[in-house]
Structure formats: C-alpha cells, structure tokens
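Note sheet for the following structure.
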Amino acid sequence: PMIDIERRKSEGRQRARHTWDGYQQIYNACPQWLKNACDAALYSLQRRSDLVAINIDKQIDMKARSIRVLQQKSRNYDKPVYIDIVMGDELFKAVKASIWSGINCPYLVHHRPTRITKTMREAKSHAFSVNADYLTRAYSAIRDEVGCYNHLPVLQRPGFHSIRALGIWLYTKAGYADNYIMALAGHANEKMKAHYTEGHE
C-alpha cells in the first residue's frame, strides 16, 4: 500500500540575528586566526564549509586580488558554478593576515592547536587546517565567554554561520545591488536573500 508521508514543515529561523555591537564584542575577544576567519566570512559571504576548504595556492590570486570558490552545494552539478570574488580592502587585509600568519598551512582558515592527537591528524586534510564544526565550536565558546547573548537560550544565540547573514544585511544597507549580493552569496533567488536579511535591527 502507498504510504502518504507528510513533508516536515520548517519551524523557521531559530537563532537570533547578530547585532553589530554583539558581533564586535565577540570579534574583539577572538584570537587572530578566528578574527581572520570572521572577516573572511563577513566580507566574502561564503558558508563556513566553503571557507575552510579554500586552498591558498589553488584558489587565491594575490596579484589579481581574487578568490575562486566552488561552493559545496554546486559541486555535483553537471556544470559546477565557480564564484570569482574580487577582494575589497577589508577582505584582502584578512586574507593577507591569514597567509602571513607564520603557520605553514595551505588552507586560508588555519591555526596551530596546542596539542595534535593522531585522531585529529587523521580527521583533517592538514594538521593545522580547521574543519567547519571546530570553527563553530571555537566561535560559540568565545561568544558565551563574552556573554553578550547570554540572555538568550543557547540554541537561539547567533553562531559563526550567522556572520554570513550579518554580512548580507550590511551589504544591503550599504546599497549594493541585490543581484551582486545574491551572486556573492551563491543564492539562486531573492527569497533566500530575504531570509538572511530578516530579523536584523
């Protein structure tokens, strides 16, 4: 017999949006490697999984001031979609800070942990690379230490992914065209952009 499976309804956005003041408090408490990652997320509008995969040698051209990103969501397309980002001053500054960190790692987002276990080494493509989950955990730990969102339940506090929404909102407030913001973020329609901008002060 046919079974009618009802599609699960979206419960809507659970996390609160970053305020600029809240974001700044967290940012100022971050170590340099995490500040670089925050800046890269805010100005490039890339998802955390795409940020941590950026290879300095293969995807960044410092002379042309550009980053070529193949977003994960489009990697299985018949014709994968590449985004060529021309870096403005703030993004270029963050990328330079990462490249000149003094840590020998091919990935843009990286840091040297105090201890590297065999499990950690096997789970990553490089000893000093950072995976998306670790990026989120490191950011959330500092957010909760700072306490700027402690009035909210933990699951409603904005995390690293929320920086992308803040960036989209800031680009919108600065007067950039919707099609430019959508192309940068890799959004297929205006409905998705509207989802990311709603709820900001």
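A quick yes/no check of all residues on (1) assigned to a loop (DSSP other than H, G, I, E, B); (2) open to solvent by 30 Å² or more (accessible area, probe 1.4 Å):
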position: 78; (1), (2): yes, yes
position: 105; (1), (2): yes, no
position: 115; (1), (2): yes, yes
position: 119; (1), (2): no, yes
position: 125; (1), (2): yes, yes
position: 141; (1), (2): no, yes
position: 144; (1), (2): no, yes
position: 150; (1), (2): yes, yes
message = Out of everything in the range 88-103 that is part of a loop (DSSP other than H, G, I, E, B) and touching a His at 6+ places or on another chain (Cβ under 9 Å), what residue ends up being least open to solvent (accessible area, probe 1.4 Å)?
response = 103
query = From the set of residues in the range 133-174 that are of a type in the set (S, T, N, Q), free of Cβ contacts under 8 Å to residues at least 60 places away in the same chain and out of contact with any Ser or Thr (no Cβ under 8 Å at 6 or more places or on another chain), which is farthest from residue 33 (Cα to Cα)?
reply = 150
query = Could you list, in sequence order, the residues of the range 127-139 that are modelled with pLDDT of 95 or more and buried (at least 16 other Cβ atoms within 10 Å of the Cβ)?
reply = 135, 138, 139
query = If you go through the range 109-130 one residue at a time, do you hit one that is within 28 Å of residue 18 (Cα to Cα) and of a type in the set (Gly, Ala, Ser)?
reply = yes
message = It is to be established whether one or more residues within the range 155-175 are open to solvent by 60 Å² or more (accessible area, probe 1.4 Å), out of contact with any Pro (no Cβ under 9 Å at 6 or more places or on another chain), in a loop (DSSP other than H, G, I, E, B) and aromatic (Phe, Trp, Tyr).
response = no
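The values are calculated or read from the model by the stated rules, or taken from the named source; none is laboratory data. If you're wondering where the values come from, they're calculated on a predicted model, not measured in any experiment. Because the Cβ atoms are built from the backbone with ideal geometry, glycine has one as well, and the counts that use them run over all protein chains shown. Heavy atoms of the whole protein, side chains included, go into the accessibility calculation; ligands, DNA and RNA do not. Shrake-Rupley method; radii C 1.70, N 1.55, O 1.52, S 1.80 Å.
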